[in-house]
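Take a look at the structure set out below.
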Amino acid sequence: MIIWINGAFGAGKTSTARELIDLIPNSTVYDPGLIGGQLTRLLPHKRLAEVSDYQDLSIWRRLVVDTAAALLAEVGGVLVVPMTLLRQDYRDEIFGGLASRRIPVRHVLLTSDETILRSRIAARDDPDDDPEGGERARQWAYQHIEPYRSALDWLTADAHVVDTTDLSARGTAESVAEALRTSTAGLRDIVQTPDPTAETVAAGVLLFDERGRVLLVDPTYKPGWEFPGGVVEAGEAPARAGIREVAEELGIELEGVPKLLVIDWEPPRPPGYGGLRLLFDGGLLPARLAGRLLLPGPELRGWRFVSEEEAALLLPSMRYERLRWALRAKESGNVLYLENGVPVA
């Protein structure tokens, strides 16, 4: 199991984690910041210059999950993870990756008054007694106060909140331990989708409203928005898989077999294996049915109808290219074959 201790810089995550392992048997502190520090030494400067934070590196997010799995296999027990995580899509990617490895996560958020946070940041010492480095660290922490405030809506909805304003590190750890003991800090209910071990076939279904906008859903277990759909099971016809997934994800039973729009071959990108991705035209979803959409809580957190331009801001680039060509195929009435999101004559 993982206890993920989130919060702003200065909230007391690391000191709480150190106290918490004295209260939880067979527990170990796991700091993903160490991975970020090593990546700044391993990656080319050109790649590092493309991001402002090591959390923006996909390799960091992947290694956080892989290292947690390896640590648990080696030492077992509980990992206590003190790490600020303010972007919901990064939370989705990391927690979804842990869920796919059957690693349960309890998410705890440490909060405090902003004046307290600023005073703690101001008093922060650099571990290497480097005044310049310490000042850089303080400025870094100050710059993340506003993103922390902006993230509070989803953080407080996702995590068990502990106000540390009047608590010592020991007191905070005791509060967290009690919340864990009583299950007040519950497990994150995330769909557990095992990582593929070979190429897969996936079927997505495009549903439209009266204005021609397409329906997208927001998964809890991976970053970015998505089309309703999923992996085709063994022995299952792709179109039938799309029908099944729409029923499971939205509670809508499609009438008839949807029309194929595009077939896209997605190349392997380690650790992913790629495979065939099919998009079908599910047709018009009348307003009376849209009002009855039912989302499974562990898997999807939201849905919306969007224009093609709005979809470009929500979908990862490869999914957007697939959608863009699917809309052109719908207009022309022809099925398109793509490779890596690009039509092949």
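The values are calculated or read from the model by the stated rules, or taken from the named source; none is laboratory data. Only a predicted model underlies this, so the values are computations on that prediction, with no experimental measurement involved. FYI the Cβ positions are ideal-geometry reconstructions off the backbone, even for glycines, and counts take in every protein chain you see. To get the accessible areas, we keep the full protein, side chains included, count just its heavy atoms, and leave off ligands, DNA and RNA. Shrake-Rupley method; radii C 1.70, N 1.55, O 1.52, S 1.80 Å.
So how far apart, in nm, are the two label points at Lys259 and Ile116 if each is 7 Å from Cα heading toward Cβ?
A separation of 6.1 nm, rounded to one decimal place.
What is the sum of charges around Leu206, taking Lys and Arg as +1, Asp and Glu as -1, for the other residues whose C-beta is under 12 Å from the C-beta of Leu206? It would help to have the intermediate numbers written out before the result.
Details: positive: Arg213, Lys259, Arg319, Arg322, Arg324, Lys330; negative: Asp209, Glu226, Asp281, Glu308.
Residues near Leu206 contribute +2 overall.
In the chain, carbon and sulfur make up what percent of the accessible area (probe 1.4 Å)?
On the way: 8970 of 17050 Å².
Ligands and nucleic acids excluded, carbon and sulfur reach 53 percent.
Excluding ligands and nucleic acids, what accessible area in Å² is computed for Asp153 using a 1.4 Å probe, to the nearest 10?
Estimated to the nearest 10 Å², Asp153 gives 130 Å².
Leaving ligands and nucleic acids out of the surface, order His107, His160 by accessible area at 1.4 Å, largest first. Kindly include the intermediate steps, with their values, before the conclusion.
Numbers: His107 0, His160 40 Å².
I get His160, His107, largest accessible area first.
GNM on the chain, C-alpha springs below 10 Å: top fluctuator among Ala99, Ala177, Ala123?
Checking each option, the largest mean-square fluctuation is seen for Ala123.
At a probe radius of 1.4 Å, what is the per-residue accessible area of Val29, in Å² to the nearest 10?
For Val29, solvent-accessible area is about 60 Å².
Per 0.36 nm of contour for each residue apart, how much would the distance between Ala157 and Glu236 grow if the chain were fully extended, relative to their Cα-Cα spacing?
24.7 nm
How many angstrom separate the Cα center of the range 260-309 from the Cα center of the range 201-253?
4 Å
I'd like the orientation of helix 13-23 relative to the chain: the angle between its Cα long axis and the longest Cα principal axis, in ° from 0 to 90, rounded to 10.
For helix 13-23, the angle is close to 80 degrees.
With a sphere of radius 12 Å drawn around the Cβ of Ala157, what net charge do the other residues whose Cβ falls strictly inside it have (Lys, Arg +1; Asp, Glu -1)?
Numbers: positive: Arg91, Arg188, Arg301; negative: Asp153, Asp158.
Spelling it out: positives minus negatives among the neighbours equals +1.
Relative to the first principal axis of the alpha-carbon coordinates of the chain, what is the inclination of helix 169-181, with its axis defined by its Cα atoms, in degrees from 0 to 90 and to the nearest 10?
Its long axis makes an angle of about 40 degrees.
At what distance in nm do the modelled label points of Arg47 and Val75 sit from each other, each positioned 7 Å from its Cα along Cα→Cβ?
Roughly 2.7 nm, to one decimal.
Computed from the coordinates I sent, Rg/Rh (Cα atoms, Kirkwood Rh) equals one of (1) 0.97; (2) 0.94; (3) 1.02. Tell me the label.
Of the listed options (1) 0.97; (2) 0.94; (3) 1.02, (3) comes from this structure.
In nanometres, what is the gap between the two model label sites at Arg149 and Leu314, each 7 Å from Cα along Cα-to-Cβ?
Computed distance between label sites Arg149 and Leu314 equals 2.8 nm.
With the cut-off at 1.5 for a/c, could you classify the range 1-142 from its C-alpha gyration tensor as rounded, prolate or oblate? Spell out each step's value before the answer.
On the way: a/c = 1.70, a/b = 1.18, b/c = 1.44.
Oblate is the answer for the range 1-142, as a/c is 1.5 or above yet b/c matches or exceeds a/b.
Cut-off 10 angstrom, C-alpha nodes, Gaussian network model of the chain. Which of Gly235, Gly77, Gly282 fluctuates the most?
Largest GNM mean-square fluctuation: Gly235.
Using only the alpha-carbon atoms, how far is helix 88-100 inclined from the longest principal axis of the chain? Give it as 0 to 90 degrees, nearest 10.
On a 0 to 90 degree scale, this one is about 80.
Shape of the range 180-333 from its Cα gyration tensor (a ≥ b ≥ c, root eigenvalues): rounded if a/c is under 1.5, otherwise prolate when a/b > b/c, or oblate? Walk me through the numbers before you get to the answer.
On the way: a/c = 1.60, a/b = 1.22, b/c = 1.30.
Oblate, because a/c is 1.5 or more while a/b does not exceed b/c.
What is the chain's relative contact order, in percent, from Cα pairs under 8 angstrom and six or more apart in sequence? Intermediate values should be presented prior to the final figure.
On the way: 601 pairs, mean separation 59.8, N = 345.
Answer for the chain is 17 percent.
Amide H neighbours of Val262 under 5 Å, counting only residues 5+ apart in sequence or on other chains, H built in-plane at 1.01 Å?
Amide H neighbours of Val262, under 5 Å, 5+ apart: Leu279, Leu336.
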